[in-house]
Amino acid sequence: MSVPLLKIGVVLSTMAMITNWMSQTLPSLVGLNTTKLSAAGGGTLDRSTGVLPTNPEESWQVYSSAQDSEGRCICTVVAPQQTMCSRDARTKQLRQLLEKAIKAKMDELRPLIPVLEEYKADAKLVLQFKEEVQNLTSVLNELQEEIGAYDYDELQSRVSNLEERLRACMQKLACGKLTGISDPVTVKTSGSRFGSWMTDPLAPEGDNRVWYMDGYHNNRFVREYKSMVDFMNTDNFTSHRLPHPWSGTGQVVYNGSIYFNKFQSHIIIRFDLKTETILKTRSLDYAGYNNMYHYAWGGHSDIDLMVDESGLWAVYATNQNAGNIVVSRLDPVSLQTLQTWNTSYPKRSAGEAFIICGTLYVTNGYSGGTKVHYAYQTNASTYEYIDIPFQNKYSHISMLDYNPKDRALYAWNNGHQILYNVTLFHVIRSDEL
């Protein structure tokens, strides 16, 4: 036999063996072994081995033929649809186990999420702190260099200068022009028709005492209440006896002392409420007294003492100014007159008056419909007529004073102690800071 024929025989033998293996073994691998015979198109019988499930779309179909008419091996395998694997029981079980494992791991990791978020926030805060420390270190280094360039006295002088500028700035921020007065708040109902009550605008932190003086003459007892709450809810008080009876309702407590007009005189007395001693007395020159130039409601209200952001003031009238209002700024220690302004407003036509930021405000009456309708600016020695109404709830105001600490008006209205809040408008220029 020649070599080419030998090679062809080997090839045919090998193909027959492969065909026989595929026809017998491949169906068993997939679990099916159905065999059928069919006639080929050329009349030759071919053996076809295949998988014939009840639902062909869900399983394998294997077809094989030993050889065709030309002697070629024919083997056909049809795979199931792609969706079959997703419906396989074992595949579903594996998927469920995988999902369960992932869910369990996520449940373990989920509590760490807020921890990580907090850590992220803390890390950001640490960076901010680090920047602040670096800035502070830089400032301290500059300050250390600056301190080294000055001696102690010069440095203390610079600090004092800065404190003065700060106080001046704060005073400007607190001051302004009166633009409105709130509805009254009745704190208490007590006493006679006339009187005065107040708090100390220079009292230290935590000192909230209320001072109460009933009547406008022939009385010398001042009540001290520990706080506004005590004043509102109880009658527990300490009584202080003044060395002389007061005149009018123009008393004021300022920096631990009470300032009042001695009855039937133009003498001003400064009385220390802690030691209960007279610290200073001084006559207010040319001031009318003993109902000579009183407010419209009478009551020996010739001399009215008051305070604002800048200090102690006296409002009165003189013959030299034709009975019109005179405003004097007083030294709170010596009671000496520092500066005086003469206005053109008749004292007896005024219902009441108060000072805010160096401006005198005068009401048009004391009963019925009341409004602030006159303002005199001491810093410019000018005046204007204004129209700021406020509610005269009990129809008879006998005391109206401003407290710069509370930024409120204290009033005695027909036996009622009431408060008004005020609205101030201010404009500060940069060159004033």
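The values are calculated or read from the model by the stated rules, or taken from the named source; none is laboratory data. Note that this is a predicted model, so its numbers are computed, not measured. All Cβ positions, even for glycine, are placed from backbone atoms using ideal geometry, and neighbour counts span all protein chains on display. Note: accessible area is taken over every heavy atom of the protein model, side chains too, but ligands, DNA and RNA are not part of it. Shrake-Rupley method; radii C 1.70, N 1.55, O 1.52, S 1.80 Å.
What to note about this one:
- Scope region 402-421; condition open to solvent by less than 20 Å² (accessible area, probe 1.4 Å) and part of a strand (DSSP E or B); matching residues: Tyr402, Asn403, Ala408, Leu409, Tyr410, Ala411, Trp412, Asn413, Gln417, Ile418, Tyr420
- Looking only at residues in region 306-333 that are polar (S, T, N, Q) and under 43 Å from the mean Cα position of the chain (by Cα), the one that is farthest from His266 (Cα to Cα) is Ser310.
- Condition check for Thr199: free of Cβ contacts under 8 Å to residues at least 24 places away in the same chain and polar (S, T, N, Q): no
- If the condition is being in a strand (DSSP E or B) and open to solvent by 80 Å² or more (accessible area, probe 1.4 Å), then region 186-222 contributes Thr189, Phe221.
- Wholly enclosed strands (runs of 3 or more DSSP E) of region 253-347 bearing at least 2 residues assigned by the TED database to the domain that holds Val210 and open to solvent by 10 Å² or more (accessible area, probe 1.4 Å): 267-272, 277-283, 324-330, 337-346
- Filtered residue count, region 370-398, keeping only those that are surrounded by 21 or more Cβ atoms within 10 Å (Cβ to Cβ), polar (S, T, N, Q) and touching a residue at least 60 places away in the same chain (Cβ under 8 Å): 1
- Filter result for Gly365 (outside any strand (DSSP E or B) and open to solvent by 10 Å² or more (accessible area, probe 1.4 Å)): yes
- Here Val77 clears all of (1) at pLDDT below 65; (2) assigned to a helix (DSSP H, G or I) except the condition numbered (2).
- Filter pass, Leu173 being at pLDDT below 95 and not in a loop (DSSP other than H, G, I, E, B): yes
- Test: residue in region 241-248 that is over 16 Å from Ser328 (Cβ atoms), of a type in the set (Ser, Thr, Tyr), crowded, with 20+ Cβ neighbours inside 10 Å and touching a residue at least 60 places away in the same chain (Cβ under 8 Å): no
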